[in-house]
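Below is one structure; the comments refer to it alone.
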Amino acid sequence: MSKTFVGQLISEAMAMFIVIAFGDSVAAMYTLYSPSPYQQAYWGVCIAWGLAVTISIYTTASVSGCHGNPAVTLALAVYRGFSWRKVLPYCLAQITGAFLGAGVVYTLFAPVIDNFNLTNHLTRAAGGAAGVFFTHPGLAVTPMHAFGDEIILTAFLIFGIFAITEQYNEMAPGANFGALMIGFLVALIGASMGYLEAWALNPARDFGPRLFCFLAGWGPAALPSPQSYWWIPIVAPLLGAIVGGGAYQTLIRPFLPAREKALLEAAKA
């Protein structure tokens, strides 16, 4: 394994470490405190998650491209020529980073988690404070409805990322502004659709912290979780990545004027 590839895997792990360290921390602020600083200001939660994504991109993109999400890695392999031999190592690195990020959040908030559960007569085994770390269906949402939701939400994410990073898109953000716009995209999805099932969008974002919680006392509340929900935030975002990337590649990219001009010039040459 080359030094460059090792650096890329470390970079992907660090990207998810940053996202979870800040994202799950704001989830803890939202969930564990009464009165919560965010219950009446949910947009702040969304912005925090989005900024965590932005910071992870600015920190690691020059090393690995900062996929920071197995769904992104899969979409780039399918549609944009990313090496298939790197897909599984990237995904494992992302899950590892998310696991470690959850560990930092647990270190910070463990006394608050225990106090929350004690005050509300909950236990970890019963899922007390689990929403700090991983996702679950919201009000009136069944697991299979959540499966469809997460396909759609992730499709929006990948469609937007492809548009923001498209070399022939003359309306794409210039210079390094794309990282901020991707963060805003994550925040927008959370603000408009996040209550459905906490907008996982990312198998590593959910599974890494879920695995940590399984080992930290939540047990079956984390894995397999009520109604065996654990697999839905893994499979649905991967399918959504294929849908969203395919939609952009089919409905938008072929008609970009700059691309058509480049193809014409290449044909003349």
- prompt: What number, in percent, do you get for the relative contact order of the chain if the mean sequence gap of Cα pairs under 8 Å and at least 6 apart is divided by its residue count?
  reply: 27 percent
Convex hull (Cα only) mean projected area of region 92-188, reported in nm² to one decimal: 9.2 nm²
task: Report Rg(Cα)/(2.2 N^0.38 Å) for the chain, keeping two decimals.
output: 1.03
Taking only Cα atoms of region 80-142, radius of gyration then Dmax in Å: 16.8, 52
task: Let me know the shape class of region 202-269, please: from the alpha-carbon gyration tensor, a ≥ b ≥ c as square roots of the eigenvalues, rounded when a/c is under 1.5, otherwise prolate if a/b is greater than b/c, or oblate.
output: prolate
message: Given the DSSP H assignment, sum -39500 (n - 2.57) over each helix run of at least 4 residues in the chain and divide by its residue total; what's the result at 222 nm in deg cm²/dmol, nearest 500?
response: -22500 deg cm²/dmol
Exposure of LYS86 as accessible area (Å², to 10), given a probe of 1.4 Å and all protein chains: 40 Å²
message: Based on C-alpha coordinates, I'd like the Rg and Dmax of region 1-49, in Å.
response: 15.7, 51
task: Report relative contact order for region 1-122 in percent, whole number only (criteria: Cα-Cα under 8 Å, sequence separation at least 6).
output: 40 percent
message: Please report Rg (one decimal) and Dmax (integer) in Å for the Cα set of region 1-119.
response: 16.4, 52
- request: Give the accessible area for CYS91 in Å² (nearest 10); use a 1.4 Å probe, count only protein heavy atoms, and leave out ligands, DNA and RNA.
  value: 20 Å²
statement: Quick calc: nm separation of the 7 Å Cα→Cβ label points for SER192 and PHE255 -> 1.9 nm
- prompt: Ranked by accessible surface with a 1.4 Å probe, highest first, in what order do GLU170, GLU265, GLU197 come?
  reply: GLU170, GLU265, GLU197
query: With every protein chain present, what is the per residue accessible area of region 1-102 (1.4 Å probe, Å²)?
result: 45 Å²
query: Taking 0.36 nm per residue of separation and subtracting the Cα-Cα distance, what length does fully extending LEU92 through LYS3 add?
result: 30.3 nm
message: Ordering SER36, SER83 by accessible area with a probe of 1.4 Å, largest first, what comes out?
response: SER83, SER36
Protein-only accessible surface order, largest first, of HIS67, HIS145 at 1.4 Å: HIS145, HIS67
- prompt: Given a cut-off of under 8 Å on Cα pairs at least six residues apart, what relative contact order in percent is computed for region 54-212?
  reply: 37 percent
- prompt: Under 19 Å Cα-Cα from LYS261, which aspartates and glutamates qualify once same-chain neighbours fewer than 8 residues away are excluded?
  reply: GLU166, GLU170
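The values are calculated or read from the model by the stated rules, or taken from the named source; none is laboratory data. Just so you know, these numbers come straight off a predicted model, no measurement behind them. Because the Cβ atoms are built from the backbone with ideal geometry, glycine has one as well, and the counts that use them run over all protein chains shown. Quick note on the areas: whole protein, heavy atoms, side chains included, nothing else; ligands and nucleic acids left out. Shrake-Rupley method; radii C 1.70, N 1.55, O 1.52, S 1.80 Å.
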